[in-house]
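The values are calculated or read from the model by the stated rules, or taken from the named source; none is laboratory data. These figures come from a predicted structure and were not determined experimentally. Because the Cβ atoms are built from the backbone with ideal geometry, glycine has one as well, and the counts that use them run over all protein chains shown.
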Amino acid sequence: MSNDSKYLELINELHTSKRCDNQLRLISYLKERDYKFFQASFIKEVGFSLELKKKSHKKFIFLTRVLQETTNPLKDRYDFNVLVGICLDHSTDKVLIYLEGKYYTSLSLGWPLDTKVNFKSVKGRKFPKEMSLDDRFKWRQEDYKLIRDPRIKSSDFYNEWAPKIKELQEESK
């Protein structure tokens, strides 16, 4: 089976499956298949060519398949050939489907009644001004590893910067 037919089969399944009869169930269905949410800006940042059909599509967040996770999210491998766009503010019942970076079709799926999508508010990490970009990158990588596996022992480098970074985070609250 070619990749194109595999993607078209998935899109057809999204159209017809009873498991995808509303947006919340569609999200669950795709998450079971290793899809995660990404903003269009991130998709472009990692080098994939995404041509949004309309300005209104900028408010959508896209689900795409993660093929391989690494310790650095910018180096993860993604399958951006099928993007499923969902508007999480419930302002539309449309679900956008982009195939190979271009608009393909849309689905009309409502949200179940009394549905609230709650995402934790995450602020960007603040670093001391004297910390170089390379050190910030190195610290982020180690922090990411420690979050994923707390049994790992942190390095002296990480421990040296952690109090200063934590202090800056507390000040920004």
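Could you list, in sequence order, the residues of region 43-80 that are closer than 25 Å to LYS145 by Cβ, out of contact with any Leu (no Cβ under 7 Å at 6 or more places or on another chain) and of a type in the set (Lys, Arg)? Break it down into steps so the answer makes sense when it comes.
Applying the first criterion (closer than 25 Å to LYS145 by Cβ) to region 43-80 yields 43, 45-47, 64-79.
This time we only want the ones that are out of contact with any Leu (no Cβ under 7 Å at 6 or more places or on another chain), so: 45, 47, 65-76.
Within region 43-80, ARG65, LYS75 qualify.
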Q: Say whether the condition of being touching an Asp or Glu at 6+ places or on another chain (Cβ under 9 Å), in the same structural domain as HIS15 (by TED's automatic domain parsing) and among the charged types (D, E, K, R) is met by at least one residue in region 62-69.
A: yes
Q) Looking at SER49, is it touching a residue at least 24 places away in the same chain (Cβ under 8 Å) and small (Gly, Ala, Ser)? A) yes
Q) Out of curiosity, is ARG25 of a type in the set (Lys, Arg), under 30 Å from PHE137 (Cα atoms) and in contact with a helix residue (DSSP H, G or I) (Cβ under 9 Å, 6 or more places away or on another chain)? A) no
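So which residues in region 41-58 are closer than 20 Å to ASP93 by Cβ and of a type outside the set (D, E, K, R), if there are any at all? Even if it seems obvious, please write down each step before you answer.
Of region 41-58, the ones closer than 20 Å to ASP93 by Cβ are 52-58.
Residues satisfying the conditions are LEU52, SER56, HIS57.
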Q: Would you be able to tell me the number of residues in region 67-96 that are among the hydroxyl-bearing types (Ser, Thr, Tyr) and touching a strand residue (DSSP E or B) at 6+ places or on another chain (Cβ under 7 Å)?
A: 1
